[in-house]
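Here the structure is laid out as structure tokens; the discussion comes afterwards.
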Amino acid sequence: MQLKDARLFRQQAYIDGSWQDADGAQTLPVNNPATGEVLGSVPKLGAAETRRAVEAAERALPAWRALTAKARAQKLRRWFELMLEHQDDLARLMTLEQGKPLAEAQGEIAYAASFLEWFAEEAKRVYGDTIPGHQSDKRLIVIKQPIGVCAAITPWNFPSAMITRKAGPALAAGCTMVLKPASQTPFSALALAELAERAGIPAGVLNVVTGSAGEVGGELTSNPVVRKLSFTGSTEIGRQLMAECARDIKKVSLELGGNAPFIVFDDADLDAAVEGALISKYRNNGQTCVCANRLYVQEGVYDAFAAKLKAAVERLKIGNGLEAGVTTGPLIDTQAVAKVQEHIDDALAKGATLLAGGRPHALGGTFFEPTILTDVPRDAAVAREETFGPLAPLFRFRDEAEVIALANDTEYGLASYFYARDLSRVFRVAEALEYGMVGVNTGLISNEVAPFGGIKASGLGREGSKYGIDEYLEIKYLCLGGI
Ligand code: ADP
């Protein structure tokens with residue numbers, strides 16, 4: 001593993017401030033997607049251990065909630081600093097289990113840490129309201145209080161950031177948390193727990209339960225002590241978890257799938273659009289929920305854009321993320337490869353043209369060639385479904401109204417992007433796109449100060465920003481009479 005601090009590599013779950021071995025239970029092996037090598041394993045825990053974690057979170061809640069916001073903020077701030085102090089090790093761990101290039105992993109650690117810094121600051125700004133009374137002898141006051149014990153279920157594509165984006169605001173608000181990380185990338189989560197412990201976050205405030213998704217998830221959604229679930233993952237699982245949470249009317253935040261349109265208008269700065277498309281499409285090898293999924297290019301610039309994108313894609317260097325200069329790692333698993341191939345084959349069968357890539361990469365394993373398809377027909381599967389891989393399908397369009405209708409013709413509504421320079425068009429299109437986020441002349445929109453989230457089947461709630469902490473707070477109204 002070759003970490004500077006070997007204790008960051010934890011192969012145990014973290015419950016109630018203790019590191020828990022499998023203790024005769026089964027273990028889950030964790031692979032390096034670049035080599036297929038087994039890196040280690042984590043306990044495959046189930047409902048009983050999850051219940052223990054929930055009970056620990058419940059016990060830890062009164063004292064954590066009672067701390068001043070400043071005291072909680074200081075611990076979160078320390079956690080943030082420790083992440084940056086150990087950025088190299090955390091990034092290396094991430095590249096090993098997730099596959100993204102080391103530079104990208106370094107970037108994710110800084111991004112992940114930024115949520116702890118931000119919410120440490122926001123903890124101190126959980127303001128209430130006083131409302132002018134509706135009767136002269138009444139005074140109306142609004143206070144905000146932590147929801148209580150929260151659950152988080154996170155995916156493998158951002159093994160650290162999806163955790164801090166939930167744990168940061170939850171802990172800042174005074175909630176405690178039980179987290180189930182993705183089974184493909186538990187080591188990043190456990191390293192964060194190790195650092196949380198070093199930062200002085202008390203036992204039970206943050207618990208990390210590795211194991212069977214169905215069993216751990218089932219306990220988290222059915223245990224009445226859990227008052228809130230925050231989930232990032234597929235729409236299919238999100239829908240299921242939301243239904244499970246309906247029984248107790250648990251509050252839910254869902255960050256689900258996307259089908260991002262990336263629109264290039266005739267008046268766009270084409271070089272900037274190519275650069276944006278490259279970042280939006282091929283970052284993390286296309287495995288982000290905000291990746292451009294459908295590229296709509298206006299007919300006047302279609303051929304020029306396609307040629308420039310091809311040239312840019314040819315400069316990508318595919319390989320093991322630990323090697324210098326590599327820009328694009330492997331896909332997470334063979335299922336991911338199959339999905340990309342399926343979308344390519346479907347589009348080609350329906351008449352698309354292959355401009356670049358199109359096949360598994362010569363490196364073997366789950367490496368795949370960055371792919372561009374042109375003249376993709378509108379009934380191709382990739383127009384409706386998220387590919388989650390390095391496939392850029394280029395669709396042609398004629399005018400603004402047409403492309404807005406195409407862009408909005410999806411059940412999803414997470415991220416969208418467009419490139420244009422005409423100011424009125426910029427506002428018209430930005431307002432017409434039915435998405436939670438719109439990138440205008442940029443392919444990179446995520447940061448801790450802005451509200452991240454989707455509409456329609458892409459989710460509920462917002463993460464990051466001044467709004468993110470509201471997801472972990474309840475509003476209480478006090479009506480004072482007889483004054
Ligand atoms: P992805 O395609 O990104 O892996 P998933 O929605 O399958 O998306 O997984 C996201 C997270 O949800 C992971 O931590 C996974 O283990 C978890 N998960 C998957 N199925 C379930 C389930 N039935 N109940 C609870 N969690 C689940």
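Below, the figures for the structure above:
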read-out: Inter-part distance where the range 411-483 and the range 71-87 are each reduced to a Cα centre, Å; value: 27 Å
read-out: For the chain, calculated [θ]222 nm from helices alone, where every DSSP H run of n ≥ 4 adds -39500 (n - 2.57); value: -12000 deg cm²/dmol
read-out: Gain upon complete extension [Glu434, Thr130; 0.36 nm per residue less C-alpha separation]; value: 106.0 nm
read-out: Residues of the range 63-99 with amide N under 18 Å of a point placed 7 Å along Cα→Cβ from Ala203; value: 63-65
read-out: Neighbour-count order for His361, His134, fewest beta carbons within 10 angstrom listed first; value: His134, His361
read-out: Cα centroid separation, the range 276-341 to the range 218-263 (Å); value: 29 Å
read-out: Ser222 paired with Glu342, simple spin-label distance in nm, labels 7 Å along Cα-to-beta-carbon; value: 2.9 nm
read-out: Folded to 0 to 90 degrees: helix 186-198 orientation relative to the chain principal axis, Cα; value: 40 degrees
read-out: Asp422-Glu236 pseudo-label distance in nm [points 7 Å out on the Cα-to-Cβ vector]; value: 4.2 nm
read-out: In degrees, nearest ten, helix 423-432 long axis to first principal axis of the chain (Cα); value: 60 degrees
read-out: Order by protection proxy (mean Cβ within 10 Å, highest first), peptides 139-148, 195-204; value: 195-204, 139-148
read-out: Computed over the chain: relative contact order in percent, which uses C-alpha pairs under 8 Å that are six or more apart; value: 18 percent
read-out: DSSP-defined antiparallel bridges as percent of all bridges, the chain, nearest 5; value: 40 percent
read-out: Gap separating the Cα centres of the range 1-39 and the range 167-217, nearest whole Å; value: 14 Å
read-out: Principal axis dimensions, largest first and in whole angstrom, of the chain by Cα; value: 70, 64, 39
read-out: Long-range HN-HN contacts of Gly17 with modeled amide H, under 5 Å; value: Gly204
read-out: Tilt relative to the chain, helix 270-282 - C-alpha long axis, 0 to 90 degrees, to 10; value: 60 degrees
read-out: Residue order, fewest to most beta carbons within 10 Å, for Tyr111, Tyr419, Tyr477; value: Tyr477, Tyr111, Tyr419
read-out: Point-to-point label distance, Arg139-Ala362, nm (Cα→Cβ direction, 7 Å offset); value: 7.8 nm
read-out: Förster-model FRET efficiency, 60 Å R0, Ala450 and Ile483, C-beta, rounded to 0.05; value: 0.90
read-out: Normalised contact order of the range 347-472, rounded percent, pairs of Cα under 8 Å and 6 or more residues apart; value: 16 percent
read-out: Mean separation of Cα contacts under 8 Å, 6 or more apart, over the residue count of the range 37-193: relative contact order %; value: 30 percent
read-out: Fully extended contour minus Cα-Cα distance, from Arg65 to Glu121, at 0.36 nm per residue; value: 18.5 nm
read-out: Karplus-derived HN-Hα couplings along the range 439-454 (A = 6.51, B = -1.76, C = 1.60, θ = phi - 60°), whole Hz, x at Gly and Pro; value: x, 10, 6, 7, x, 9, 10, 7, 6, 6, 8, 10, x, 9, x, x
read-out: Candidate aspartates and glutamates for bridging to Lys476, where Cα separation is under 18 Å - those fewer than 8 sequence places away on the same chain excluded; value: Asp129
read-out: Taking Trp64, Trp19 and counting other C-beta atoms within 10 Å, the order from fewest to most; value: Trp19, Trp64
read-out: Loop-resident sites, the range 391-483, for trypsin sites (Lys or Arg not before Pro), counting at most 11 other Cβ within 10 Å (DSSP); value: Arg398
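Read-outs: derived from the displayed coordinates by stated rules, not from any lab. Please read all numbers here as calculations on a predicted model, not as lab measurements. Positions of Cβ are generated from backbone atoms using ideal geometry, with glycine treated the same way; all protein chains shown enter the neighbour counts.
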